[in-house]
Amino acid sequence: MSKNKPFKVAVVQAGSIVMDKEATVNKTIQLIKEAGKNQAKIILFPEAFISAYPRGMSFGAKVGSRSPEGRKDFARYSESAITIPGAETEAIGKAVKEAGAYVVIGVIEKDAAYSGGTLYCTALFFGPDGSILGKHRKLKPTGSERLIWGEGDGSTLPVFDTPYGRIGALICWENYMPLARAAMYTKGVQIYLAPTADARDSWLASMRHIALEGRCFVLSCNQYSTKAMYPQDIVERAEFADLDDECSRGGSCIVSPLGEFIVEPVVGKEEIIYAELNLDQITESQFDFDVVGHYARPDVFQLLVNEEKKEHTKFF
């Protein structure tokens, strides 16, 4: 007889208050408290929630040139990033402790160890005591994201063992990297967290595929954002003229280990979506397929993951 008990998870589909770190942190705290009051034991926020996925902004960049105005935009964006740890994580940690849940939040992290000039797109993990468990830095920013974010390395690919299963995260299009997924499966991920900025139907197909491939629960979390969440001086720019008022429709969802929606994609609004999960469903799903167990062929295929921290050059 199984000893596994059902537990509740929450996926927070909400929008940042763009470029406003203090207001977004306050919004984060209120959303954590709400999900906690609803007994959620794992709470997931979108990619780059604190304090913005700057959709529609060019930062004045063209091949071969960067404008003075774009540099000022980057400085403004950098000011809205956070350090880990820092005053913002301390404030969030207090709310996490009150909720008594595992909380994973997409943040823009400012490098605090070296120059302070590089930003990373990071998934930040909190334990139910409010402490920082660890982080995952996005390995490969996508497209124009490479203008504003640095690359993470293999030292931040954690999977954490919790009373509710092993949790880990890949961010947005990292989930299209087969070997990155394989690394997560090898670590035994059971609650696969996918904070994203992709609201397309093709993304949703990938979430179902990953759940089926990994025989894991998949929580996909995207922002619902509108132009009203941006500073007015940014919205007034010509590059925003053709951008829809609804910048991101959402599409957050929860998927079972057999690739079926437990909660169908939610679009067109801010909402915290909930589901009750039971790890027995993973065991049941592995009856005919275990991607790193009885269906694996390590005698034919092998995966090497470099988890060493990438050292920066030091000048003396």
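What the table below lists for this structure:
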| item | result |
| --- | --- |
| Top-ranked residue of the range 154-176 - restricted to ones that are in a loop (DSSP other than H, G, I, E, B) and within 12 Å of the chain's Cα centre (by Cα), ranked as nearest to Asn4 (Cα to Cα) | Leu170 |
| Enumeration of residues in the range 202-216 that are open to solvent by less than 20 Å² (accessible area, probe 1.4 Å) and small (Gly, Ala, Ser) | Ala211, Gly214 |
| Selection count, the range 217-228, where residues are open to solvent by 10 Å² or more (accessible area, probe 1.4 Å) and either touching a Lys or Arg at 6+ places or on another chain (Cβ under 8 Å) or β-branched (Val, Ile, Thr) (or both) | 3 |
| Pick from the range 211-237, criterion out of contact with any Asp or Glu (no Cβ under 6 Å at 6 or more places or on another chain) and aromatic (Phe, Trp, Tyr), ranking: farthest from Lys187 (Cα to Cα) | Tyr230 |
| Residue within the range 112-120 that is over 18 Å from Val25 (Cα atoms), open to solvent by less than 50 Å² (accessible area, probe 1.4 Å) and among the small types (Gly, Ala, Ser) present | yes |
| Residue match in the range 44-55 (condition: open to solvent by 20 Å² or more (accessible area, probe 1.4 Å) and assigned to a loop (DSSP other than H, G, I, E, B)) | yes |
| Residues within the range 140-155 that are of a type in the set (Asp, Glu) and either farther than 17 Å from Lys310 by Cβ or open to solvent by less than 20 Å² (accessible area, probe 1.4 Å) (or both), tallied | 1 |
| Unique residue being touching a Gly at 6+ places or on another chain (Cβ under 7 Å) and open to solvent by less than 70 Å² (accessible area, probe 1.4 Å) when the list is Gly93, Gly86 | Gly93 |
| Given (1) under 13 Å from Thr28 (Cβ atoms); (2) among the aliphatic types (A, V, I, L, M); (3) assigned to a helix (DSSP H, G or I), index of the condition Ala75 fails | (1) |
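Rundown of residues vs (1) more than 26 Å from Glu264 (Cβ to Cβ); (2) more than 13 Å from the chain's Cα centre (by Cα); (3) in contact (Cβ under 8 Å) with a residue 60 or more places away in the chain, yes/no style:
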| position | (1), (2), (3) |
| --- | --- |
| Phe7 | no, yes, yes |
| Ser16 | no, yes, yes |
| Lys21 | yes, yes, yes |
| Ile29 | yes, yes, yes |
| Ala35 | no, yes, yes |
| Lys41 | no, yes, yes |
| Leu44 | no, no, yes |
| Ala52 | yes, no, no |
| Arg55 | no, yes, yes |
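To keep it simple, each residue is scored yes or no on (1) touching a residue at least 12 places away in the same chain (Cβ under 8 Å); (2) of a type in the set (S, T, N, Q); (3) closer than 26 Å to Asp20 by Cβ.
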site: Ala75; (1), (2), (3): no, no, yes
site: Ala95; (1), (2), (3): yes, no, yes
site: Ala99; (1), (2), (3): yes, no, yes
site: Thr122; (1), (2), (3): yes, yes, yes
site: Ile171; (1), (2), (3): yes, no, yes
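The values are calculated or read from the model by the stated rules, or taken from the named source; none is laboratory data. Bear in mind that the values here come from a model prediction, so they are computed numbers and not experimental data. Here the Cβ is made from the backbone with ideal geometry for all residues, glycine too, and neighbour counts use every protein chain on show. What goes into the accessible areas is simple: the full protein's heavy atoms, side chains included, and nothing from ligands, DNA or RNA. Shrake-Rupley method; radii C 1.70, N 1.55, O 1.52, S 1.80 Å.
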